[in-house]
Amino acid sequence: MISIIAAAWFAISAWASANWLRAIRTPLAARLVWTLGVAALIIHLLLAFQVVHAWDHAAAERAVARQTYERTGLEWGGGIYINYAFAGIWLLDSAFWWLARRRYESRELLFDGAVQLMFLFMFVNATIIFGADHARVPGAVLCGLGTAGWVAWARRRSTRRLEVHSNNRNNVRGCSKRGQTP
């Protein structure tokens, strides 16, 4: 049971760490940690199915429905499918970063923010809403750190893009004054 919980905490910590590694401009380390995070999440899911649910999907769905009812008053087991989708999205996102690094690192800030917001939603639910009482404070800290790391990265990226745009405009003006093309 401890390995299930450890894998989940590793995944959340990897998300927060990868965001800070992006912010301090160490993209290779960020990509490696990001990938280790999704690996930990998949290990967490597999261990939970093996150890807790004995590979019985219906039992897992009932357990999710029970937990959802205890926390929200809504008896719904669909959260298990949200977890599957989250693991799949993280896996695809990680693969995209490895297979198309430049495109990944230059993707729209709004899209990247939407991905990060989904991660934050999942981790808040995992640690604060559905987590054990002792997991709430560390969960809130990691969620805050991961979000702050992404905001720091997004600000740096926005500033860098403005500088590049400004330099490009200055180059065009300088060339047109000299009768050259940029």
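The values are calculated or read from the model by the stated rules, or taken from the named source; none is laboratory data. Everything quoted here is computed from the prediction, not taken from an experiment. Positions of Cβ are backbone-derived with ideal geometry, glycine not excepted, and every protein chain shown enters the neighbour counts.
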Being of a type in the set (A, V, I, L, M, F, W, C) and in a helix (DSSP H, G or I) is the filter; apply it to region 52-69 and report the residue that is nearest to the chain's Cα centre (by Cα).
VAL64
What's the total number of residues in region 10-44 that are aromatic (Phe, Trp, Tyr) and within 11 Å of the chain's Cα centre (by Cα)?
2
As an exercise: evaluate PHE49 against (1) surrounded by 12 or more Cβ atoms within 10 Å (Cβ to Cβ); (2) in a loop (DSSP other than H, G, I, E, B); (3) of a type in the set (A, V, I, L, M, F, W, C) and give the number of the one condition it does not meet.
(2)
Of the criteria (1) at pLDDT 95 or above; (2) surrounded by 14 or more Cβ atoms within 10 Å (Cβ to Cβ), which one ARG157 fails
(1)
Looking at (1) closer than 24 Å to PRO138 by Cα; (2) without any contact (Cβ under 8 Å) to a residue 12 or more places away in the chain; (3) charged (D, E, K, R), which is the only condition ARG22 fails?
(2)
Could you please give the count of residues in region 42-52 that are touching a helix residue (DSSP H, G or I) at 6+ places or on another chain (Cβ under 8 Å) and farther than 15 Å from TYR81 by Cβ?
6
Within region 70-127, considering only helices (runs of 4 or more DSSP H) that don't extend past its boundaries, which have at least 3 residues that are hydrophobic (A, V, I, L, M, F, W, C) and either surrounded by fewer than 16 Cβ atoms within 10 Å (Cβ to Cβ) or in contact with a Phe, Trp or Tyr (Cβ under 7 Å, 6 or more places away or on another chain) (or both)?
79-99, 109-124
Could you please let me know if VAL38 is crowded, with 17+ Cβ neighbours inside 10 Å, farther than 25 Å from GLY144 by Cβ and among the β-branched types (Val, Ile, Thr)?
no
Scan of region 108-146 for residues that are more than 15 Å from the chain's Cα centre (by Cα) and among the charged types (D, E, K, R), ordered by number:
GLU108, ASP133, ARG136
List every residue pair whose Cβ atoms sit under 9 Å apart, with the two residues 6 or more apart in sequence or on different chains, where the first one lies in region 100-118 and is within 16 Å of TRP15 (Cα to Cα) and the second, anywhere, is among the small types (Gly, Ala, Ser) and modelled with pLDDT of 95 or more.
ASP112/ALA154; GLY113/ALA154; GLN116/GLY146; GLN116/ALA154
List every residue pair whose Cβ atoms sit under 9 Å apart, with the two residues 6 or more apart in sequence or on different chains, where the first one lies in region 126-152 and is among the acidic types (Asp, Glu) and the second, anywhere, is surrounded by 14 or more Cβ atoms within 10 Å (Cβ to Cβ) and modelled with pLDDT under 95.
none
